[in-house]
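J.: Input: one structure, supplied below.
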Amino acid sequence: MQSSRRLEREAGRNLEVRWLLGRLVPDDKVIADFRKDNGPAIRRVCARFVDLCRQMGLLATASIAIDGSKFKAVNNRDRNFTRGKIDRRREQLEQSVARYLSQLDTADRQEPSDVLVLKTTRLKEKLDKLKEEMGKLAAYEKQMLASPDGQISLTDPDSRSMATSGRGSGVVGYNVQVAVDTVNHLIVTHEVTNIGSDRSQLANVAREAKAVLQVDKLEAVADRGYFSGEEILACEQAGVCVTLPKPMTSGAKSEGRFGKQDFVYMPEEDVYRCPAGEKLKFYYANEEHGQKMRRYWTNACKTCAIKDQCTTGKERRITRWEHEHVLETVQQRLDQDPQAMRRRRETVEHPFGTVKMRMGATHFLMKTLPKVASEMALSVLVYNLTRAMNIVGTRALLAAIRA
């Protein structure tokens, strides 16, 4: 229950809440201000309870699942503007202006009457309103172009338009990242961001979870949305063994030709073996998007019998990142544990479903990123509290808290 007004009502009628509050009945403003003014303390309490769970032995396994989910903010879609939205809205306004002007031209050719005067006046009022909206849209466009990420939100300035899993669907809100224990399904750590993609979140969440669990090595499993060479390398360097699938983005594979995965790397000779049995040797290295890339090819492609299944160019070239062996190790872990993705889904999607069910259709009620982070910390604290009560019981949990 997040609404301060509902909490005020429960404080006056719910016997359990009245006993817990010592018959105090704070009004909704006091409750809302407490939540707004004590954000850092709320987040510390949430982190402290996770530490208590670790001390109780509920987080004994150094294994987590990482995932992100989009939560709606207090910001309607119509009050969020991107370049595409502004262009579409301007086109709609221009079509409306053209339609009303056409109706005015038609009215000018008709015989004067009282009804015609009323219609003409109404059309002019609509045109004035459209002109005012065009002026507002120009002001919004100026703000949008000045924004670093190319969008603005009017109600909650920190919220952002984000794509969701449904085709053509989206939400104006926040991207909540969580790391969940794979045994007891407790939320180890969480973070609220307004970045719509998960691709740059893996290493940060994994390092935070490792620090909370206070372990030397940590196993983490995530979905393909987190796949990034730099993030996986950062995890390996931090002592986190990540398991996640690689997205199939090969253009050649989608067109029915051989993909990079059909070429076998031979580390002893530093060559690739192609499906025809030829060896692609290393020729040169260069830097691409800040990464050192090595280039391999062979001149045997010209006379190859299956060249049409491999490339449309002069020869097939293979690119290898200098830390490609780290990505190959991740793929080997996934091949050895084919149930890892199912385990991830069963672990991390349950907490999201529970938290969203308790929040209801509105999700977040507060505005701006720091306050939303405090609201999410409250929801995570409630989830972990009820989960711990279900695992060890109320008496044992109270004893551990008092200790």
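The values are calculated or read from the model by the stated rules, or taken from the named source; none is laboratory data. All of these numbers come straight from a predicted model, not from anything done at the bench. In this analysis, Cβ positions are derived from the backbone assuming ideal geometry, glycine residues included, and neighbour counts consider all displayed protein chains.
J.: Could you count how many residues in segment 203-236 are under 22 Å from Ser165 (Cα atoms) and either of a type in the set (Asp, Glu) or in contact with a Leu (Cβ under 8 Å, 6 or more places away or on another chain) (or both)?
T.: 7
J.: A further question follows. Of the residues in segment 42-62, how many are over 24 Å from Gly393 (Cβ atoms) and either touching a residue at least 40 places away in the same chain (Cβ under 8 Å) or not assigned by TED's automatic domain parsing to the domain that holds Val382 (or both)?
T.: Final tally of qualifying residues: 3.
Let's see how each residue does on (1) of a type in the set (A, V, I, L, M, F, W, C); (2) farther than 13 Å from Glu324 by Cβ:
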position: Leu244; (1), (2): yes, yes
position: Lys253; (1), (2): no, yes
position: Lys260; (1), (2): no, no
position: Glu269; (1), (2): no, yes
position: Tyr272; (1), (2): no, no
position: Lys279; (1), (2): no, yes
position: Phe282; (1), (2): yes, no
position: Asn286; (1), (2): no, yes
position: Gly290; (1), (2): no, yes
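J.: Filter segment 213-242 down to residues that are loosely packed, with under 13 Cβ neighbours inside 10 Å and touching a residue at least 60 places away in the same chain (Cβ under 8 Å) and give me whichever is nearest to His325 (Cα to Cα).
T.: Lys217
J.: Restricting to segment 83-114, name every residue that is small (Gly, Ala, Ser) and either surrounded by 12 or more Cβ atoms within 10 Å (Cβ to Cβ) or in contact with a His (Cβ under 6 Å, 6 or more places away or on another chain) (or both).
T.: Result: Ser96, Ala107.
J.: While we're looking at this one, here's another question. Starting from residues that are under 15 Å from Val382 (Cβ atoms) and polar (S, T, N, Q), keep the ones in segment 1-26 and report whichever is surrounded by the most Cβ atoms within 10 Å (Cβ to Cβ).
T.: By that ranking, first place goes to Gln2.
J.: Inside segment 333-364, can you point out the residues that are surrounded by 11 or more Cβ atoms within 10 Å (Cβ to Cβ), aliphatic (A, V, I, L, M) and farther than 17 Å from Gly225 by Cβ?
T.: Of everything in segment 333-364, those that are surrounded by 11 or more Cβ atoms within 10 Å (Cβ to Cβ), aliphatic (A, V, I, L, M) and farther than 17 Å from Gly225 by Cβ turn out to be Val355, Met359.
J.: Right, another one. Under 6 Å by Cβ, and 6 or more places apart or on different chains, what pairs join a residue from segment 372-397 that is in the same structural domain as Pro351 (by TED's automatic domain parsing) with one that is small (Gly, Ala, Ser) and surrounded by 14 or more Cβ atoms within 10 Å (Cβ to Cβ)?
T.: Hits for this filter: Ser374/Gly39; Leu397/Ala388.
J.: Given the criteria surrounded by 12 or more Cβ atoms within 10 Å (Cβ to Cβ) and part of a strand (DSSP E or B), does Phe282 qualify?
T.: yes
J.: In addition: Given the conditions (1) farther than 30 Å from Ala220 by Cα; (2) not in a helix (DSSP H, G or I), report the number of the one that Asp308 does not fulfil.
T.: Unmet condition: (2).
J.: So, one more: Is there any pair linking a residue in segment 333-362 that is under 18 Å from Ala388 (Cα atoms) to one that is modelled with pLDDT under 90 and part of a helix (DSSP H, G or I), with Cβ under 6 Å and at least six apart or on different chains, and which?
T.: No pair meets every condition.
J.: Considering only residues of segment 31-47 that are surrounded by 14 or more Cβ atoms within 10 Å (Cβ to Cβ) and over 17 Å from Val382 (Cα atoms), which is farthest from the chain's Cα centre (by Cα)?
T.: The qualifying residue farthest from the chain's Cα centre (by Cα) is Ala32.
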